[in-house]
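Please treat every number below as a calculation from the coordinates, not as lab data. What you see is a predicted model, and the numbers here were worked out from it, not measured in a lab. Note: ideal-geometry Cβ built from the backbone for every residue, glycine included; neighbour counts use all protein chains shown.
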Amino acid sequence: MEDVEITDVDDVDSEYHVEKGPLRNQDLTVLSLTVGELLSQYGWYMLLGTVLLYLVIQQLSKRRSSQRESHNSSAPQTPQDAALVARRQEAMEAARIKMQQELDAKADLFREKQRQQEEEKRRQKIEIWESMQQGKSYKGGSKPSQNTEEASSSTTVLKPKSDKKPLRSTDYNPLTGQGGGTCAWRPGRRGPSSGG
């Protein structure tokens, strides 16, 4: 009996060791594993396909509704609808004609004003040229209807009163710096500044 060997439970290989856990329904476990595996592997593709399918369905429903509307609009109109459409078109045409006439009238007024302005400019140029031919200077601010004789008779020369002293002497010229003026350029002082 020496051929018998005794081994501990810990030394037994794990192949032969069976653990028993809680009992489960094998059919549901297999189903949940397959759905989970499918979602984990192909989830994004499934989501993208669903969105594309939704968009295609929306597009097709829009086309069908537009085709239905076009078939309904091509149906023969009643005489009342035709008369209503004709009256609307006539009213729109009358409004267009009225607006065009108003626009034409405004354009005519604008052209007339432009022509009058050009005529006035031409007349002023002629007056300037004639006054220069006579040796006179033309003043743009004066009224063109006023004659030169009237202008000379209406102007009066103001003379200073003799009892007051004039402000400056008659030989004063501010451009030359002479004539009794006190303002003249002087060079600056040289030397240290008198700081305190």
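Below, the figures for the structure above:
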{"item": "Positive minus negative residues near Glu90 (Lys, Arg vs Asp, Glu; Cβ under 13 Å)", "result": "+3"}
{"item": "Net charge of Cβ neighbours under 14 Å - reference Glu69; Lys, Arg +1; Asp, Glu -1", "result": "+4"}
